[in-house]
Amino acid sequence: MNAPLADPGTYGYAFAALVFALVAAYLVRSLRAYEGVPHLPLVFLGAVGVSALWAVAQLIDPFVRSTLPTFTAQAFDILRYALWFAFLLGLLRPAFLQPERRLPRLLAVVAGGLIVLCALTLAWRALRGEYELDSSRAATALALTLPLFGL
């Protein structure tokens, strides 16, 4: 049980959880300043909050013998990507309103498709009890789609 304490990732996830939680707490306290503003600040708060939950799930995963934290961390990972994409696409919203601009709409469709595909794959693996990704090219490509699309 002491092996996870020697892993630098454990401390990285603890630090990330702490920082995301502090930012989320600050945002919750300052929500009154955003009254009457569209949903974008709430999406940002959701992305920060889910990122904190993801870091906590990643932090406790090595200490627990159950596969529940593994699947929970992966689900939070997909959800945090979805919320960060929604936030970034919300920033691009003025470009959506221009009919000659097709790229923002295409980005929204691709991001949504990737999120759904990753969520379905995670659900399929959870139903089959496969908590680790296989090493096939398709699984590796799917695992890299969200981070690479986010760039």
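The values are calculated or read from the model by the stated rules, or taken from the named source; none is laboratory data. As the structure is a prediction and not an experimental result, all values here were calculated from the model. Positions of Cβ are generated from backbone atoms using ideal geometry, with glycine treated the same way; all protein chains shown enter the neighbour counts. Ligands, DNA and RNA are excluded from the accessible area calculation, which covers all protein heavy atoms including side chains. Shrake-Rupley method; radii C 1.70, N 1.55, O 1.52, S 1.80 Å.
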Is there a residue in the range 27-36 that is at pLDDT below 80, over 18 Å from Ala57 (Cβ atoms) and surrounded by 14 or more Cβ atoms within 10 Å (Cβ to Cβ)? yes
Just the residues that are touching a helix residue (DSSP H, G or I) at 6+ places or on another chain (Cβ under 7 Å), more than 17 Å from Leu122 (Cα to Cα) and not hydrophobic (A, V, I, L, M, F, W, C), please, taken from the range 57-78. Pro62
Checked pairs for the range 3-32, first in a helix (DSSP H, G or I), second hydroxyl-bearing (Ser, Thr, Tyr) and open to solvent by less than 30 Å² (accessible area, probe 1.4 Å), C-beta under 7 Å and 6 or more apart or across chains, list as Pro4/Thr10; Phe20/Ser51
For the range 41-88, how many residues meet the condition of being touching a residue at least 40 places away in the same chain (Cβ under 8 Å), among the hydrophobic types (A, V, I, L, M, F, W, C) and under 30 Å from Ala6 (Cβ atoms)? 7
Which one of these is at pLDDT 75 or above, over 22 Å from Gly49 (Cβ atoms) and open to solvent by less than 70 Å² (accessible area, probe 1.4 Å): Gly90, Gly112, Gly129? Gly129
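Rundown of residues vs (1) modelled with pLDDT under 85; (2) in a helix (DSSP H, G or I), yes/no style:
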{"site": "Pro38", "(1), (2)": "yes, no"}
{"site": "Pro41", "(1), (2)": "yes, yes"}
{"site": "Gly46", "(1), (2)": "no, yes"}
{"site": "Trp54", "(1), (2)": "no, yes"}
{"site": "Asp61", "(1), (2)": "no, yes"}
{"site": "Thr70", "(1), (2)": "yes, yes"}
{"site": "Leu83", "(1), (2)": "no, yes"}
{"site": "Glu100", "(1), (2)": "yes, no"}
{"site": "Cys118", "(1), (2)": "yes, yes"}
